[in-house]
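A quick write-up on the structure given underneath.
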Amino acid sequence: MKFKVIKNYNGNVELIYGENVKILTDKEPEVILTEKEYESIPKHKQYLITNQFILVEFVEEEIKKEIKIEKKK
């Protein structure tokens, strides 16, 4: 499962997850996180979600199937 984190107001937001830091800006207002990355957001930054400074959406993962067509001669 993946999550899309989207900035919900004007200005920059510093999002910390795991060992990473991402600045959400007006030009890049979103980031896709894995479940593990999402769960690693520290408690002192979770107020961003609680107070709706950032929004979180589930991202449905596409399942790609490769179809092979055999040509008969």
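FYI, it's all coordinate maths here, none of it is from the lab. Source: prediction; values computed, not measured. All Cβ positions, glycine included, derive from the backbone under ideal geometry; neighbour counts span all protein chains shown.
Some values worked out for this structure:
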| read-out | value |
| --- | --- |
| Tabulated pairs, the range 1-14, first touching a residue at least 12 places away in the same chain (Cβ under 8 Å) and over 21 Å from E39 (Cβ atoms), second surrounded by 11 or more Cβ atoms within 10 Å (Cβ to Cβ) and not aromatic (F, W, Y), C-beta under 7 angstrom, 6+ apart or interchain | N12/I23; N12/L24; N12/T25 |
| The range 12-60: number of residues that are in contact with a Gly (Cβ under 8 Å, 6 or more places away or on another chain) and among the polar types (S, T, N, Q) | 1 |
| Condition check for K27: surrounded by fewer than 18 Cβ atoms within 10 Å (Cβ to Cβ) and in a strand (DSSP E or B) | no |
